[in-house]
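The values are calculated or read from the model by the stated rules, or taken from the named source; none is laboratory data. Predicted model, so just to flag it, every value in this text is computed and none were measured. For neighbour counting, all protein chains shown are included, and Cβ atoms are generated from backbone atoms with ideal geometry for every residue, glycine included. Remember, those area values only see protein heavy atoms, side chains included, never the ligands or the DNA or RNA. Shrake-Rupley method; radii C 1.70, N 1.55, O 1.52, S 1.80 Å.
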Amino acid sequence: MLHEHHPLVGREIAVREAAPLSIRVAADCARFNLRLDPSHIEKASKAFGLRLPAKIGAVAVAGGRIAACLGPDEWYLTAPLAEQEAVEAAFADLYATAIHSLVDIGHREVGIEVEGRAALLALRSAIAFDIEAMPVGSGCRTIFDKAQIVLLREAEHRFRIEVWRTFADHVWGILQAASHEVALDI
């Protein structure tokens, strides 16, 4: 796996006044895009070691792995870096009985965690849909200002953004500006 310089290394934003907000770089992980006929979801779930959600927008989490259903035949998968080769080998074996596309996208994506009571406010600064209506344990592909992201709602006040490395500075800058507004109670 290619390990490039992480564009957000060493960055963290924390606002702890009336509306706490923490924005930090997520731990690196293996990331995959899976395209698969939904009739093979059981086989793919076994290969990944986690029951893949069948409903668009649903997210499953277990053992450090995440599976987000982004479309009728598309999943965003993450796993600990140490498990990347095992995931790839399991899906290589699966190919004989369930044709699919598993693409390593770890080289192009980075994660940003946004947490605290002001997380919704910070995200609303650049996302045009009603984030409050997004259920805990769900995810979607959306636009953050002009950058495509995968947004996961992990808890009521905790979100994870997965973004292409080339847009990471842009997304971080907007979140940083939003954190300044939160700190100033604007």
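Please check which bits of region 124-138 a label hung off Gln176 would reach, taking the label as a point 7 Å along Cα-to-C-beta and the cut-off as backbone N under 17 Å. Counting only backbone N, you get 126.
Relative to the longest principal Cα axis of the chain, at what angle does helix 165-183 sit, 0 to 90 degrees, rounded to 10? Result, in degrees: 40. Measure out, as a whole number of angstrom, how far apart the alpha-carbon centroids of region 172-186 and region 91-143 sit. Cα centres, region 172-186 to region 91-143: 22 Å.
Suppose we flag GluC sites (Glu not before Pro) only when DSSP calls them loop and at most 14 other Cβ atoms lie within 10 Å. Which is the longest uninterrupted stretch of the chain? Let's see the in-between values first.
On the way: sites that count: Glu4, Glu17, Glu156.
So the longest stretch without any such site is 18-155.
Per residue, how many Å² of accessible area does the chain show with a 1.4 Å probe? Kindly include the intermediate steps, with their values, before the conclusion.
Working: 9020 Å² over 186 residues.
Heavy-atom SASA per residue in the chain reads 49 Å².
Taking the inverse of the mean reciprocal distance over all distinct Cα pairs, the Kirkwood hydrodynamic radius of the chain comes to 17.0 Å. Compute the helix-to-body angle for 84-94: its Cα long axis versus the longest principal axis of the chain, expressed 0 to 90° and rounded to tens. Once rounded, the angle reads 40 degrees. Scanning the chain for chymotrypsin sites (Phe, Trp or Tyr not before Pro) lying in DSSP loops with no more than 15 further Cβ atoms inside 10 Å, the longest uninterrupted stretch between such sites is 1-94. For q values of 0.19 Å⁻¹, compute log₁₀ I(q)/I(0) with the Debye formula on a Cα-only model of region 29-138, without solvent. The calculated log intensity ratios at q = 0.19 Å⁻¹ are -1.00. For the Cα trace of region 71-122, dividing Rg by the Kirkwood Rh returns an Rg/Rh value of 1.12. Which net charge results when you count Lys and Arg as +1 and Asp and Glu as -1 among the other residues whose beta-carbon is under 12 Å from that of Glu156? Every neighbour counted, the sum reads 0. What net charge is computed for the residues neighbouring Gln84, neighbours being all others with C-beta under 14 Å from the C-beta of Gln84, Lys and Arg scored +1, Asp and Glu -1? Residues close to Gln84 contribute a combined charge of -4. Ligands, DNA and RNA left out, the accessible area of the chain computed with a 1.4 Å probe is 56% carbon and sulfur. Per the Kirkwood formula on distinct C-alpha pairs, the Rh of region 110-152 is how many angstrom? Hydrodynamic radius (Kirkwood, Cα only) of region 110-152 equals 10.9 Å. Considering helices alone, the calculated mean residue ellipticity of the chain at 222 nm is -7000 deg cm²/dmol, with DSSP H runs of length four and up weighted by -39500 (n - 2.57) and normalised per residue. Each 10 Å bin from 0 upward holds the following percent of the Cα-Cα pairs of region 79-186: 13, 38, 29, 15, 5, 1. Other residues with beta-carbon under 11 Å from the beta-carbon of Ser138 carry, at +1 per Lys or Arg and -1 per Asp or Glu, a net charge of +1.
Report the calculated FRET efficiency for Ala62 and Lys146 (r = Cβ-Cβ distance, R0 = 35 Å), to the nearest 0.05. Could the numbers behind the result be given before it?
Numbers: r = 34 Å, r/R0 = 0.97.
So, using R0 = 35 Å, E works out to roughly 0.55.
Which lysines have a Cα less than 17 Å from the Cα of Lys146, not counting those fewer than 8 places away in the same chain? Of all the lysines, none pass the test against Lys146 - Cα under 17 Å, at least 8 places apart if same chain.
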